[in-house]
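Participant: Got a structure here, written out as structure tokens. Questions coming.
The values are calculated or read from the model by the stated rules, or taken from the named source; none is laboratory data. No experiment lies behind these values; they were computed from the predicted model shown. A quick note on method: Cβ atoms are made from the backbone with ideal geometry, for glycine too, and the neighbour counts reach across all protein chains shown. Keep in mind that these areas ignore ligands, DNA and RNA; they rest on the heavy atoms of the full protein, side chains included. Shrake-Rupley method; radii C 1.70, N 1.55, O 1.52, S 1.80 Å.
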Amino acid sequence: MTAIRFYFDADSMERAVISGLLSSGIDATTALEAGLQDASDEEQLQYANSQGRVLFTFNARDFHRIHTEYSLQGKSHAGIVLSPQQRYSIGERIRRLAIVVSTKPAEDIRNHIEFLSNWT
């Protein structure tokens with residue numbers, strides 16, 4: 001069972017969330033660290049996939065569309081976690097992402113979308 005490793009796209013990378021995950025032993029990196037803060041959504045997902053990382057984003061509409069296009073084209077990705085931007089505090093986001101990591105192996109999220117709202 002391989003643990004989920006996260007990639008936070010340019011819209012979702014908050015230093016406090018990343019720090020909280022890292023201090024909890026959860027592997028997380030950002031578009032800024034990858035030098036991709038100005039990359040397109042498709043490039044963000046391609047990068048995350050190339051690194052075997054699950055993409056975390058607030059951009060639900062666009063990434064849901066990209067996921068659907070990938071599915072129709074037979075393309076794969078390492079997984080996507082979608083979250084509303086203003087709904088959860090930093091601590092709540094960290095807590096819910098930690099539950100995802102402790103409950104779901106990376107293999108089970110591959111080519112799937114998870115909604116952070118489903119993890120309590």
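Participant: Could you give each residue of segment 103-112 its phi-based ³J(HN,Hα) in whole Hz, using Karplus coefficients 6.51, -1.76, 1.60 with θ = phi - 60°, and x for Gly or Pro?
Facilitator: Per-residue couplings from phi come out as 9, 10, x, 3, 4, 7, 9, 3, 6, 10 Hz.
Participant: Need one word for segment 14-74: rounded, prolate or oblate. Basis is the Cα gyration tensor (sqrt eigenvalues a ≥ b ≥ c); a/c below 1.5 gives rounded, then a/b vs b/c decides.
Facilitator: Verdict is prolate for segment 14-74.
Participant: Is the shape of the chain rounded, prolate or oblate, going by the alpha carbon gyration tensor and its root eigenvalues a ≥ b ≥ c, with a/c under 1.5 for rounded and a/b larger than b/c for prolate?
Facilitator: Rounded, because the longest to shortest axis ratio a/c is under 1.5.
Participant: Let me ask something else. Can you pull the one-decimal nm distance between simple spin-label points at Ser23 and Asp62, each 7 Å off the Cα toward Cβ?
Facilitator: Roughly 3.1 nm, to one decimal.
Participant: Report the relative contact order of segment 30-120, percent, no decimals, based on alpha-carbon pairs under 8 angstrom and at least 6 residues apart.
Facilitator: Once divided by the residue count of segment 30-120, the mean separation gives 30 percent.
Participant: Give me the percent of the accessible area of the chain that comes from carbon and sulfur atoms, probe 1.4 Å, all protein chains in place.
Facilitator: So the carbon and sulfur contribution to the accessible surface is 47 percent.
Participant: Of Leu72, Leu32, Leu21, which has the largest mean-square fluctuation in a 10 Å C-alpha GNM of the chain?
Facilitator: Greatest mean-square fluctuation among the candidates belongs to Leu72.
Participant: I'd like the accessible area for Tyr70: 1.4 Å probe, protein heavy atoms, all chains in place, Å² to the nearest 10.
Facilitator: Looks like 20 Å² after rounding.
Participant: Shifting gears a bit: Using a 7 Å offset from the Cα along the Cα-to-Cβ direction at both Gln37 and Gln86, what is the distance between the two label points in nm, to one decimal?
Facilitator: 2.4
Participant: Using 0.36 nm per residue of separation minus the Cα-Cα distance, give me the extension gain between Asn111 and Arg95 in nm, one decimal.
Facilitator: 3.5 nm
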